[in-house]
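I have placed the structure first, in the form of structure tokens, so that the comments after it can refer back to it.
The values are calculated or read from the model by the stated rules, or taken from the named source; none is laboratory data. Bear in mind that the values here come from a model prediction, so they are computed numbers and not experimental data. Here Cβ is always computed from backbone atoms with ideal geometry, including for glycine, and neighbour counts include all displayed protein chains.
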Amino acid sequence: MGSDEQTGCDSCQTAECSAQKKLSDESSEEFKERQALQSKLCRIKHKLVVLSGKGGVGKSTVAANLALSLAAQGRRTGLLDVDIHGPSIPRMLGLEGYPIESYQNQLVPVPLGDALKVMSIGFLLRGTDEAVIWRGPLKMGVIKQFLRDVDWGELDYLVIDSPPGTGDEPLSVIQLIEDLDGAVIVTTPQDISIIDVRRSIQFCRAVHTPVLGVIENMSGFVCPHCGKTTDIFKSGGGEKMAHDMNVPFLGRIPLDPQIAQVCDQGTPYLSAFMQSESAKAFSNALEKLIASVEGQEPSKSEAVDMDSVQDRRDEKTMEGKIMKIALPVADGKLCMHFGHCQFFALVEVDQDQKVILNTKMLTPPAHAPGVLPPWVAEQGASYVITGGMGGRAVQLFEQAGVKVITGAPAEPPEKLVMAFLNGTLQTGDNVCDHGPDHIPGSCNH
């Protein structure tokens, strides 16, 4: 075969596509593999890689919430974790231990809601403590497989979370994806981070990859009690670096202790705290990023009109898109026996967007048989998620118009609600079912 040989690739008919011709130094097998890769990538409109020259700056948090934001806007999104040695995306999204399936020689990515597909080597490890000890060629090989042999389907965006630094993984991504839209650079404000992150920008320039923008993470701490901002790690360092290096600045994300908390719990931050200052900053940065990638004009105002947000919530409530879920809670986690809980978490969610709008911790009425079902119904709850409930209690809840889900594990309420919304809630035995004559609130285990 000569270098001008035409291919049978049917992914596109673009003459400029590199998969249309065999390279002079390429074997037939290599050519076939490159065609398979290109045919998969041709079905993905935009590809972004999230980089940082420094570890611990919240890069994976930014990548995960960027993908969640895109999916929440209705964009078909894939999130690929190529951090081979320290995959954290499965844990952050509450997908740890999710089994990977294959279909027609393709790996099936893990779904999170209707619009987000996730893939990580973390899904393929036997346990969270298993170490991956690989050199460069093996790492490039598995990244190629994640791009070529995963059934991504038609996507609007593929967000790729890369490990810190400028080593094998980001270099492999850039070499394999010829039409990469560019890189999002994450930094924190302090000088020690800025020095390393500047190298990431130089790396992008050396490999001819556009820098789509810089996000300054952990930029100030907004006190949840008084609203005062404290610059724990300084502020403005990322913005100044972006200006000095002539690259776009996407915005500052305030430090929020809830981010670390929900990441450890496996609850997507933007889904759980969409009205927080950090969530608003994420949204503003995303708006600028989309404008850059898709050639749109960004919004003139970065302010969030809370009245219009409330109006939309009221409209959705009237249409039945907003619902409330009640969960018995003790010590911050689901109480296994609903009649003996400290509080009830009343979680308000948007069923369409699969996000948590609000969480209230309510003190239940005094412990007495038959009291809780009507009380929970009065709070507007459509569902109760619990570890255990007697059969008679289930009947009383259903008579009050509240559906009951039993056998849920002792996890934080927001994590359980997100799993329920995404169809990934795993339930076991009803730990408190003593038959149809069981009186609600009388289980004393």
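Table for the structure above
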| read-out | value |
| --- | --- |
| Within region 220-242, considering residues that are at pLDDT below 70 and closer than 22 Å to Gly53 by Cβ, the one surrounded by the most Cβ atoms within 10 Å (Cβ to Cβ) | Phe233 |
| Neighbours by Cβ (under 7 Å, 6+ apart or cross-chain): first from region 383-411, of a type in the set (Ser, Thr, Tyr); second in a helix (DSSP H, G or I) | Thr386/Phe338 |
| Flag for Gly407 being on the phi > 0 side of the Ramachandran plot and touching an Asp or Glu at 6+ places or on another chain (Cβ under 8 Å) | yes |
| Flag for Ala19 being surrounded by 15 or more Cβ atoms within 10 Å (Cβ to Cβ), part of a helix (DSSP H, G or I), at pLDDT below 85 and touching a helix residue (DSSP H, G or I) at 6+ places or on another chain (Cβ under 7 Å) | yes |
